[in-house]
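Remarks on the structure that follows.
The values are calculated or read from the model by the stated rules, or taken from the named source; none is laboratory data. Computed from a prediction, not measured in an experiment: that's the story for all the values here. Quick reminder, even Gly has a Cβ in these numbers, built from the backbone with ideal geometry, and neighbours come from all protein chains shown.
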Amino acid sequence: MRKWKNMTEKEVFIDKLRKRTKQFAVDVILFCNSLSRTKSSSVVEYQLTKCATSAGANYRAACRARSKPEFFSKICIVVEEADEAEYWLNIIEEAKLTHDRKELTRLKKEANEIVRIMTKAKDSSYSKI
């Protein structure tokens, strides 16, 4: 918390969101280790891992954007990737590829919250470009 002492409220929010999107990626990777081992689950695992890690990486890139249009572009990618992660988590649920329903539910909720937060950022930044 001492790190945030001299940061603005916006900087604290950005830092927390950067950590949150990274943690989401790590949690998805760990969750994928619990999936049933089948040919189809390996495809789903690969797709989910790609989009979850991409969401975090693109958010970091958005934070370093050199212009408002570049920020908007990266945030759009974050929304798309987080939404895709939610899609693959739904596939895992419907195909019954995991027994860890508690973690699946938590990850679906987190993906949805990231989509909602990033959509707001996207919508508000669109009006400024």
### Query
Does residue 114 count as under 14 Å from residue 59 (Cα atoms) and assigned to a helix (DSSP H, G or I)?
yes
### Query
Among 13, 31, which is the only one that is at pLDDT below 95, in a helix (DSSP H, G or I) and among the aromatic types (Phe, Trp, Tyr)?
13
### Task
Scan (1) surrounded by fewer than 19 Cβ atoms within 10 Å (Cβ to Cβ); (2) in a helix (DSSP H, G or I); (3) free of Cβ contacts under 8 Å to residues at least 60 places away in the same chain for the single condition residue 81 breaks and write down its number.
(1)
### Message
If the requirement is being under 30 Å from residue 5 (Cα atoms), surrounded by 14 or more Cβ atoms within 10 Å (Cβ to Cβ) and at pLDDT below 95, which of these qualifies: 57, 61, 121?
### Response
121
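Looking only at residues that are of a type in the set (Lys, Arg) and in a helix (DSSP H, G or I) in the stretch 36-54, which one is surrounded by the fewest Cβ atoms within 10 Å (Cβ to Cβ)?
39
Right, residue 121: farther than 25 Å from residue 34 by Cα and of a type in the set (A, V, I, L, M, F, W, C) or not?
For residue 121, the condition - farther than 25 Å from residue 34 by Cα and of a type in the set (A, V, I, L, M, F, W, C) - is met.
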